[in-house]
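These notes concern the structure reproduced below.
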Amino acid sequence: MLTIHTAELLVTGPTGPGSAPLPGGAVLVEGDRIARVGPYEELAAAYPHARSRHWPGVLTPGLLVRGGDELLERTYYPDDPYEITELGADPITGAEALADLKMTEARWGNSARRGTQKLLARGVVALAGRITVPSVRTAVSRSGLAILPPAPYEGPAALDPFAGRDAAEQAFHGVLEPGAPARFAAFAVAGPAQLLEQGPTTCVATVIGGRLLHRRR
């Protein structure tokens, strides 16, 4: 099935010659790839039977988060609502606190599944890190997130892909162009500068492999 995704502003990648943001731009997705990029009116006229999804704000490449192993193998995400009363809602880190939880591989896998949902809700499509726990790796694989080699970062790992970044574009993973994997996100902000300022929780949709894996209700 052909699907056209459009927003008030399309940012295909880091800004530069030939990659200026396109107001009213859109991407045409066929299967797990981007087939065409251009103005929405042009794509809609050329493919009248394609399904259209209109998102508020800006459509950008999906985001890359660093420290994936720290986020998913050394951070526990309590199960809402079952564990919130006892453990609280905040992620749990630190060797002593994790030891008190008596973590098993199965429990790590369940925590990682909840962690990947938090990442998808922030427009993340890939994580950098050395994932070694089999159940965690399975959870990441099933989520659709790509696993990349570790990348340097300062301070503790954060669910926010913009942490330690000077520009939102620095967190983009890939570019939106014909033939590229269909992995992108939409954010309810005016543009990249506002995205960096307001953060990834403005995400309204995340697409990986042409599939809509997160949609804010």
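The values are calculated or read from the model by the stated rules, or taken from the named source; none is laboratory data. No experiment lies behind these values; they were computed from the predicted model shown. Counting neighbours? That spans all protein chains shown, and the Cβs are built from the backbone with ideal geometry, glycine included.
In table form, for the structure just shown:
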| read-out | value |
| --- | --- |
| Helices (runs of 4 or more DSSP H) enclosed by the stretch 22-119 - at least 2 residues per element that are in the same structural domain as LEU196 (by TED's automatic domain parsing) | 40-46 |
| Cross-chain or 6+ apart pairs with Cβ under 8 Å, the stretch 187-200 first and in contact (Cβ under 8 Å) with a residue 60 or more places away in the chain and within 21 Å of GLY24 (Cα to Cα), then surrounded by fewer than 17 Cβ atoms within 10 Å (Cβ to Cβ) and small (Gly, Ala, Ser) | PRO192/ALA167 |
| Matching residues in the stretch 157-180 - criterion: being crowded, with 18+ Cβ neighbours inside 10 Å, farther than 13 Å from ALA126 by Cα and not aliphatic (A, V, I, L, M) | PHE162, GLU169 |
| Strands (runs of 3 or more DSSP E) contained in the stretch 146-217 and holding at least 2 residues not aliphatic (A, V, I, L, M) | 184-187, 203-208, 211-215 |
| Residue satisfying condition, being under 16 Å from THR60 (Cβ atoms), under 17 Å from the mean Cα position of the chain (by Cα) and without any contact (Cβ under 8 Å) to a residue 60 or more places away in the chain, within set ARG122, ARG165, ARG142 | ARG165 |
| Number of the exception - ARG51 against (1) within 22 Å of GLY144 (Cβ to Cβ); (2) out of contact with any strand residue (DSSP E or B) (no Cβ under 7 Å at 6 or more places or on another chain); (3) not β-branched (Val, Ile, Thr) | (2) |
| Answer residue from the stretch 96-136, given it is of a type in the set (Lys, Arg) and within 25 Å of ILE84 (Cα to Cα) and is surrounded by the fewest Cβ atoms within 10 Å (Cβ to Cβ) among those | LYS102 |
